[in-house]
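Shown next, in structure tokens, is the structure this report addresses.
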Amino acid sequence: MKKLLTPFVLLTLVGLMQSCSKVPLTGRRQVKLLPETELVQMSLAAYNDFLQENQVVEKGSDAEMVDRVGRKLAQSVTEILRQEGMEERLATLKWEFNLVEDKLANAWAMPGGKVVIYTGILPITKTETGLAVVMGHELAHAIAQHGNERMSQGLLAEAGMVAVDIGTYNKSEEMRQSLFLALGLGSQLGVILPFSRKHESEADEMGLIFMAHAGYDPSEAVQFWTRMNAGAGGSSVPEFLSTHPSHETRIEDIRTKYLPVAMTYYQSVKSKQK
Ligand SMILES: [Zn+2]
């Protein structure tokens, strides 16, 4: 048994060393075992299927707003990652922002930067700044490559005592299923698995900075999450359902930890505009 384990343990360690990188802005170390390019390719297939099966809002002021906010945030992400010397995270990104007709108050982003906003969340975001709270959070999931990290965690857990051939795993149906779950799109499969509390908090933290740098007042996040609590109380919202972080903790963290930092970005942008 020991002999069998040793090569796998070695392989894992090599893999960990190769793939251990830092998340932009938060500096948290993360383990990603899958090539991001592979994940992006898989995601693209899932994304195209989703757009086929759902009604995309092509025209009108709401669709324009989603596109406008998305572009401003993407610009902000590019500038910040360059400042941080982390441009390599931009390599796999090709942003797309779509508004989809669905009464669910939801939104998500796939690896590679495909962002979908459901019309059902617009009554809660209310304003362009409110939408920037949601989209900043979603772009952050993509930049932080949370999907990859989550799949890697799943792989490591599954591996347990048996070596997993990552090369084969990449192309299997199993991978496709895990991908959907890892991306928080489990609702498509009738299973809901929200991002972890750590990932949610990190997306909040980074999202506020992205929106602030794009010129949107990040303090709106407190109002948005308060409305989200009130509005989504009884319904199920896959990405934002998040039993973790609890809504109270989330708002408290935003107010006391993340907002003070984001406000410095906001004030810096505002002083340049004068
Ligand atoms: Zn999230």
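The values are calculated or read from the model by the stated rules, or taken from the named source; none is laboratory data. Keep in mind that this is a model prediction, so the values were computed, not measured. Methodologically, a virtual Cβ is constructed for each residue, glycine included, from the backbone with ideal geometry; neighbour enumeration extends over all protein chains shown.
Residue by residue, here is whether (1) at pLDDT 95 or above; (2) over 16 Å from the mean Cα position of the chain (by Cα) holds:
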| position | (1), (2) |
| --- | --- |
| Leu183 | no, no |
| Phe195 | no, no |
| Lys198 | no, no |
| Ser201 | no, no |
| Met206 | yes, no |
| Ala214 | yes, yes |
| Val222 | yes, yes |
| Thr226 | no, yes |
| Ser235 | no, yes |
| If the Cβ limit is 6 Å and pairs must be 6+ apart or interchain, which residue in segment 66-81 that is more than 15 Å from Thr129 (Cβ to Cβ) pairs with which residue that is modelled with pLDDT under 95 and of a type in the set (Lys, Arg)? | Leu81/Arg89
| query | If the Cβ limit is 7 Å and pairs must be 6+ apart or interchain, which residue in segment 126-137 that is surrounded by fewer than 24 Cβ atoms within 10 Å (Cβ to Cβ) pairs with which residue that is at pLDDT 95 or above and not in a helix (DSSP H, G or I)? | reply | Thr129/Tyr216; Thr129/Asp217
| Any residue at all in segment 86-101 that is touching a residue at least 24 places away in the same chain (Cβ under 8 Å) and more than 26 Å from His213 (Cα to Cα)? | yes
| query | So how many residues does segment 124-145 have that are away from the ligand (no atom under 13 Å from the Cβ) and either outside any helix (DSSP H, G or I) or not hydroxyl-bearing (Ser, Thr, Tyr) (or both)? | reply | 8
| query | Quick one: Leu104 ticks every box in (1) more than 13 Å from the ligand (Cβ to nearest atom); (2) at pLDDT 95 or above; (3) not in a strand (DSSP E or B) bar one, so which box is it? | reply | (2)
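Each row is one residue, and each column tells you yes or no for (1) within 16 Å of the chain's Cα centre (by Cα); (2) not in a helix (DSSP H, G or I).
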residue	(1), (2)
Tyr47	yes, no
Gln52	no, no
Lys59	no, yes
Gly70	yes, no
Val77	yes, no
Ile80	no, no
Gly85	no, yes
Leu93	yes, yes
Trp108	yes, yes
| Does Ile121 satisfy the criteria of being assigned to a strand (DSSP E or B) and buried (at least 24 other Cβ atoms within 10 Å of the Cβ)? | no
| request: Output the residues belonging to segment 5-33 that are assigned to a loop (DSSP other than H, G, I, E, B) and at pLDDT below 80. | output: Leu33
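Yes or no: Ser178 at pLDDT 55 or above, small (Gly, Ala, Ser), under 17 Å from Arg89 (Cβ atoms) and more than 12 Å from the ligand (Cβ to nearest atom)? Talk me through it step by step, then tell me what you get.
Values: at pLDDT 55 or above: yes; small (Gly, Ala, Ser): yes; under 17 Å from Arg89 (Cβ atoms): no; more than 12 Å from the ligand (Cβ to nearest atom): yes.
Here the answer is no, as Ser178 does not meet what is asked.
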